[in-house]
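K.L.:
This is the structure I have questions about; it appears just below.
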C-alpha cells in the first residue's frame, strides 16, 4: 500500500456507465487534485451529472475504477464516499426551511455523537461553538441560529456548502453551485470556493456560466456525448473556446436578425402597475412582434411584473388588450386574453412530469383537440407529433413522460404548449436556465419566430447575455418598480449589468412625475418610460 | 379559450423520421398488466382447487358482492386521481339508503325514492367540494367530518333500526335478470363504462389527471382547480348515491349501520389497482381489477372456510402488500423510462422478475412461475 506522495488526488479512470443500455459515459477519465478548482463542462446530456454521481457514490458505474490517492476505491453509497473524504453539494436546495443553520448542519453531521454529545444527547452549546468555528473558517458571516428559510439564496448555498464541509472532506463536488443565483450572489459563492481551495480542498464544479469558469477554475474538463473531449488548464482558455469544445461544430448562440419584427400595434397596454407595496405605479406597453426583456435583481419587482402579465399573481393595476380593458387576475384570465405563462421552475410549476409529452403539449388547449368535450386522442397525438417536428423536441416517444426529457426539451414542450393554444403573448421566466448551449440557441430562435409571426414575448431573465441577444427593449426594475426602459442598442453587457445592480444612471433621470399622476400616453417604442422616482429617494427609502 | 378547432393536419411531411406516433413506453405494459395477471392467476388457482368456485351461483355472488364496492371505488378513483380523498362515501351511502328507503316507504313511489337518493348524493358531493375548494379544508379532514355527520344523521333518522317495507315494484326490479346476470351487475358495468369514457375521452378526465399530477402546472395552463375539484367531489357524491341504490337493491331496506368502512375499502381497492394516492396517475380500469381482485380473494377465503376474523387479517395484509408492490412496480417502471439522457429506453433484463415473484410468495396463493410469465 505505498501510495505515491504529493498532493491528494481523487478521480476515476475509464468510467463507463449506461442506463438500461443507453451509454452515457464512455471511458471517461477525470482527476481532481487537492487545492485546485476543477470545472466540469458539458451540455445537458453530455454525462456531467452521471460522472458526478459516479464520483460521489450515488451511482455505481458499469465500468471503470475510482482512484483515491492512486488506490482503487469503491463507493456503494454517498455515505461511503463521504467517509472517504468526498462530499457533494447538489444543485437544488435540499434544505429544511424551518430549521436553524446549526440544526441543519447537525442533521447532516454523521459523527455528531463523537463531537457534540453528552451521554448520547446533543450538546447544543458545544455544537454551536463548532458551527461558529466552521463558519469562521469558511469566512462566512452567518448566525448559527438563523432559520434557513429566512436566508437569501447565496446564504443558503453557503449553508449547503458548510453542511458538506462538516465532515471535513478533502474533495468537494458542486453541481451548478451558482445556477439560480444572481451575479453578485454567485460571486460570493465563488469566493467561498476559492477560500476552500486555499485550505487545500480539491473542488470540482459544474457551471453553464463560462465566464465564471474562466475566472475561477484552475483546470477544465469538457465532456461531450459521454466522452472527455478536453482536459486542460483554464489559463489562456477563452469562453468561446470552451463553448466550442462543449458543442463541437454545432452553431452556438443564435444570431439576432438584422431587421426588427416589432410592429406599431400595441398588444397589451398596462396602466398604474405596482409590483410591490411601496413601489411606485408605472405604465408600460407591449407591442406585437416585440420581445420585451424585463430584468432586475431579486426583489426588484421584475419577476413579479412578469408573473402579473402571465396571470400567475393577480395584476395590481389595469390592463388593456386590443384597446379593451380586461381582467388579469388569474392564469385563466390571462389565457382568455391570449397570454401564456412559462414559469421559471418548469419541473415544479410548468410540466405535469408524470404525464406524456403529448398531453403536456395540449394541456392548455384541450378544447382544441376535442369535440363537444370529447378529446380525440388521434388529434392530440398528431398535434404533438407536429410540434415535435417543428420545434425539434427530442423525446423517446410521444407517450414518454415529460420527466424523461432534458431541460432544454422540457422547455420546448412548454413553448409548444402555448404555441398550440394559439396565444399572442408569452410571458416567460428564465427560459434557458439549466439549458445547454445548443438548446439555448434553439429556444431563442423559437421565441424570435414567435414574435416574427406577430406574437409578443415578455421575458424575465437575469442572464445579461440572453437579454441582449433577444430583447427589442429592456425594462430594468429596481426597488420594486420600473426604473427605465432601454432600447437594446443603447446597452452593452457592462452597462446593463451596472444598471440592474443599481448603479446610478444619470441619463435615465428624466420624466419624474408628481405623486399619483400617471403619464397620460404610453411611451412610444424605444422611448424610455419615465422613471417614477429619483434614484436618491429610492435608496433612502430602503 | 377560443372555440376554434384545429383542422386535421395535412399528410405528415416528416413521416419518414418517426413512422408512427408511439404512445406507450416499455414497462408501462407490465405496469398495466400486473394486477390483471395476479387476478387471473388467483382465479385459475381457485377454480383448480375448488369445484364450487366456478359455479354460476358463486360467480354471480362474487359479482353482486363486488358491485357496491366497485361503484364507490370508481367514484373514489376520480377523487384520488385529482389528488384528494373522500372518506364520506361509506356512511354517506348508508345515510342515502335510509333516505331513499324512507321516501319510498312514505310515498310508495320508486322513482321518487331514487330521485331522493341522487339528490342527496349530489348534495353530499357539493358540501364536500365546497368545503374543500372554498374553505380550503384538506379533503381528508373535510370528508372525515361529513363521514361522521352522515353516520350521525342516519342513526338519528332511524334510531338505529333498518327501514324496510319497500314497495313491491322495487323488489321486482331487484330480482330482474338479463342474460342470467342480476340487474345490479349490469348497472355496475354501465357505471364503469360511463366513468371509463369520462376519464379517458373527455376534457374533464384529462383535467382531473393534470390537477392531480401537478396542480400548479394545471393552474398555469388555465385549468380551474376549484371547478375540477368540486366536480370530482360531486361525482363521488353521485357514486355514493348509486352505491346506496345498489345497497337498497341488494338488501331491500335502508341500512343506517351499513358500509362503515366502505370508503376505506374503496380507497384500498383503488390503490391495489395501481392508482397513485398522490394523484395524477390512475384509471377506473385499474380500479376494476383492484375491486375484482379483492372480491375474488374474499370469496376464496369464504370458500376455504376461514373464519371472518382471520379473513380480515388476511385482507388487511393483502392491502399493505399490494401497496408496497405498487411502489416497487413504479420504481421499476420509472427506472426504465427515465434515464438521465433522453435516449430510447430499453428494458433491463432480470429486474422485473423480482417483483412479481414477491407477491405470490407473500400471499401464498399463487405459484411464482405463473405470475412472472405475463410480466414480459
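K.L.:
Filter the helices (runs of 4 or more DSSP H) completely within segment A:114-231 down to those with at least 1 residues that are free of Cβ contacts under 8 Å to residues at least 60 places away in the same chain, exposed (fewer than 15 other Cβ atoms within 10 Å of the Cβ) and on the phi < 0 side of the Ramachandran plot. Don't jump to the end; show me each part of the working.
P.N.:
Details: elements: A:124-138, A:153-165, A:183-198, A:210-216.
Of the helices (runs of 4 or more DSSP H) lying wholly inside segment A:114-231, those with at least 1 residues that are free of Cβ contacts under 8 Å to residues at least 60 places away in the same chain, exposed (fewer than 15 other Cβ atoms within 10 Å of the Cβ) and on the phi < 0 side of the Ramachandran plot span A:124-138, A:183-198, A:210-216.
K.L.:
Of all residues in segment A:330-347, how many are more than 19 Å from residue A:455 (Cβ to Cβ) and either at the interface with chain B (Cβ under 7 Å from one of its Cβ atoms) or at pLDDT below 90 (or both)?
P.N.:
5
K.L.:
For residue A:280, are the conditions met, namely being in contact with a helix residue (DSSP H, G or I) (Cβ under 7 Å, 6 or more places away or on another chain) and assigned to a loop (DSSP other than H, G, I, E, B)? Steps first, answer last, please.
P.N.:
Numbers: in contact with a helix residue (DSSP H, G or I) (Cβ under 7 Å, 6 or more places away or on another chain): no; assigned to a loop (DSSP other than H, G, I, E, B): yes.
Here the answer is no, as residue A:280 does not meet what is asked.
K.L.:
Can you tell which of B:212, B:187, B:205 is touching a residue at least 12 places away in the same chain (Cβ under 8 Å) and closer than 24 Å to residue B:229 by Cα? I'd like the intermediate steps shown before the answer.
P.N.:
Details: B:187 fails: closer than 24 Å to residue B:229 by Cα; B:205 fails: touching a residue at least 12 places away in the same chain (Cβ under 8 Å).
After ruling out the rest, the residue left standing is B:212.
K.L.:
Sticking with this one: Scan segment A:376-389 for residues that are facing chain B (nearest Cβ under 7 Å) and closer than 26 Å to residue A:333 by Cβ and jot them down.
P.N.:
Of everything in segment A:376-389, just one residue is facing chain B (nearest Cβ under 7 Å) and closer than 26 Å to residue A:333 by Cβ, namely A:383.
K.L.:
Sticking with this one: Looking at the structure I just gave you, is residue A:439 on the phi > 0 side of the Ramachandran plot, within 13 Å of chain B (Cβ to nearest Cβ) and in contact (Cβ under 8 Å) with a residue 12 or more places away in the chain? Before the answer, list the steps.
P.N.:
Details: on the phi > 0 side of the Ramachandran plot: no; within 13 Å of chain B (Cβ to nearest Cβ): yes; in contact (Cβ under 8 Å) with a residue 12 or more places away in the chain: yes.
It is false that residue A:439 is on the phi > 0 side of the Ramachandran plot, within 13 Å of chain B (Cβ to nearest Cβ) and in contact (Cβ under 8 Å) with a residue 12 or more places away in the chain.
K.L.:
Right, another one. From the list A:204, A:154, A:179, which one is under 17 Å from the mean Cα position of the chain (by Cα), within 26 Å of residue A:40 (Cα to Cα) and modelled with pLDDT of 80 or more?
P.N.:
On the way: A:204 fails: under 17 Å from the mean Cα position of the chain (by Cα); A:179 fails: modelled with pLDDT of 80 or more.
When all the criteria are applied, what remains is A:154.
K.L.:
Tell me which of these residue A:48 doesn't satisfy, since it passes every other one: (1) closer than 23 Å to residue A:234 by Cα; (2) more than 14 Å from every other protein chain (Cβ to nearest Cβ); (3) at pLDDT below 90; (4) in contact with a strand residue (DSSP E or B) (Cβ under 7 Å, 6 or more places away or on another chain).
P.N.:
(2)
K.L.:
Can you find a residue that is within 26 Å of the chain's Cα centre (by Cα), modelled with pLDDT of 50 or more and buried (at least 16 other Cβ atoms within 10 Å of the Cβ) anywhere in segment A:503-511?
P.N.:
The first filter runs over segment A:503-511 and keeps only residues within 26 Å of the chain's Cα centre (by Cα), leaving A:503.
Going one step further and asking which of them are modelled with pLDDT of 50 or more, we end up with A:503.
Retained after the next criterion (residues that are buried (at least 16 other Cβ atoms within 10 Å of the Cβ)): none.
Scanning segment A:503-511, I find no residue that is within 26 Å of the chain's Cα centre (by Cα), modelled with pLDDT of 50 or more and buried (at least 16 other Cβ atoms within 10 Å of the Cβ), so the answer is no.
K.L.:
Listed residues A:274, A:263; which is surrounded by 15 or more Cβ atoms within 10 Å (Cβ to Cβ), modelled with pLDDT of 85 or more and more than 20 Å from residue A:455 (Cα to Cα)?
P.N.:
Working: A:263 fails: more than 20 Å from residue A:455 (Cα to Cα).
Answer to the check: A:274.
K.L.:
Suppose we keep only residues that are part of a loop (DSSP other than H, G, I, E, B) and buried (at least 22 other Cβ atoms within 10 Å of the Cβ) within segment B:222-257. Which one would you say is nearest to the other protein chains (Cβ to nearest Cβ)?
P.N.:
If we take residues in segment B:222-257 being part of a loop (DSSP other than H, G, I, E, B) and buried (at least 22 other Cβ atoms within 10 Å of the Cβ), then B:222 is nearest to the other protein chains (Cβ to nearest Cβ).
K.L.:
Is it the case, given these coordinates, that residue A:295 is away from chain B (no Cβ under 14 Å), in contact with a helix residue (DSSP H, G or I) (Cβ under 7 Å, 6 or more places away or on another chain) and not in a loop (DSSP other than H, G, I, E, B)? Full working, then the answer.
P.N.:
On the way: away from chain B (no Cβ under 14 Å): yes; in contact with a helix residue (DSSP H, G or I) (Cβ under 7 Å, 6 or more places away or on another chain): yes; not in a loop (DSSP other than H, G, I, E, B): yes.
Yes: the conditions hold for residue A:295.
K.L.:
Also, quick follow-up: Being buried (at least 22 other Cβ atoms within 10 Å of the Cβ), facing chain B (nearest Cβ under 7 Å) and in contact with a strand residue (DSSP E or B) (Cβ under 7 Å, 6 or more places away or on another chain) narrows it down to one residue among A:373, A:399, A:350; which is it? Talk me through it step by step, then tell me what you get.
P.N.:
Working: A:373 fails: buried (at least 22 other Cβ atoms within 10 Å of the Cβ); A:399 fails: buried (at least 22 other Cβ atoms within 10 Å of the Cβ).
Being buried (at least 22 other Cβ atoms within 10 Å of the Cβ), facing chain B (nearest Cβ under 7 Å) and in contact with a strand residue (DSSP E or B) (Cβ under 7 Å, 6 or more places away or on another chain) holds for just one of A:373, A:399, A:350, which is A:350.
K.L.:
Something else now. Return a yes/no flag: does segment A:457-464 have any residue that is surrounded by fewer than 22 Cβ atoms within 10 Å (Cβ to Cβ), assigned to a strand (DSSP E or B), modelled with pLDDT of 80 or more and assigned by TED's automatic domain parsing to the domain that holds residue A:270.
P.N.:
No - not one qualifying residue is present in segment A:457-464.
K.L.:
Okay, moving on. Which ranges mark the helices (runs of 4 or more DSSP H) fully within segment B:78-179 that have 2 or more residues being farther than 17 Å from residue B:254 by Cβ and either touching a helix residue (DSSP H, G or I) at 6+ places or on another chain (Cβ under 9 Å) or free of Cβ contacts under 8 Å to residues at least 12 places away in the same chain (or both)? Outline the logic, then answer.
P.N.:
Numbers: elements: B:89-107, B:110-133, B:139-158, B:168-175.
The qualifying helices (runs of 4 or more DSSP H) are B:110-133, B:139-158, B:168-175.
K.L.:
Also: Would it be correct to say that residue A:312 is touching a helix residue (DSSP H, G or I) at 6+ places or on another chain (Cβ under 8 Å) and surrounded by fewer than 18 Cβ atoms within 10 Å (Cβ to Cβ)? Full working, then the answer.
P.N.:
On the way: touching a helix residue (DSSP H, G or I) at 6+ places or on another chain (Cβ under 8 Å): yes; surrounded by fewer than 18 Cβ atoms within 10 Å (Cβ to Cβ): no.
So residue A:312 fails the test.
Matching residues to (1) more than 14 Å from chain A (Cβ to nearest Cβ); (2) surrounded by fewer than 23 Cβ atoms within 10 Å (Cβ to Cβ); (3) free of Cβ contacts under 8 Å to residues at least 12 places away in the same chain:
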| position | (1), (2), (3) |
| --- | --- |
| B:263 | yes, no, no |
| B:272 | yes, no, no |
| B:281 | no, yes, no |
| B:284 | yes, no, no |
| B:287 | yes, no, no |
| B:294 | yes, no, no |
| B:297 | yes, yes, no |
| B:300 | yes, yes, no |
| B:306 | yes, yes, yes |
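K.L.:
Would you tally the residues in segment A:440-456 being farther than 24 Å from residue A:297 by Cα and buried (at least 24 other Cβ atoms within 10 Å of the Cβ)?
P.N.:
Going through segment A:440-456 one residue at a time, the tally reaches 2.
K.L.:
I'd like to verify a number: residues in segment A:402-431 that are more than 7 Å from chain B (Cβ to nearest Cβ) and out of contact with any strand residue (DSSP E or B) (no Cβ under 8 Å at 6 or more places or on another chain), how many?
P.N.:
Count: 8.
K.L.:
Related question: May I ask you to list the residues in segment B:181-221 that are surrounded by fewer than 18 Cβ atoms within 10 Å (Cβ to Cβ), more than 7 Å from chain A (Cβ to nearest Cβ) and not in a helix (DSSP H, G or I)?
P.N.:
B:181
K.L.:
With the structure loaded, tell me whether residue A:35 is at pLDDT 90 or above and not in a strand (DSSP E or B) or whether it fails that test.
P.N.:
On the way: at pLDDT 90 or above: yes; not in a strand (DSSP E or B): yes.
The answer is yes for residue A:35.
K.L.:
Same structure, new question: Could you please give the count of residues in segment A:338-347 that are surrounded by 21 or more Cβ atoms within 10 Å (Cβ to Cβ) and either on the phi > 0 side of the Ramachandran plot or free of Cβ contacts under 8 Å to residues at least 40 places away in the same chain (or both)?
P.N.:
Going through segment A:338-347 one residue at a time, the tally reaches 1.
The values are calculated or read from the model by the stated rules, or taken from the named source; none is laboratory data. Please read these numbers as outputs of a predicted model, since none were measured by experiment. Here Cβ is always computed from backbone atoms with ideal geometry, including for glycine, and neighbour counts include all displayed protein chains.
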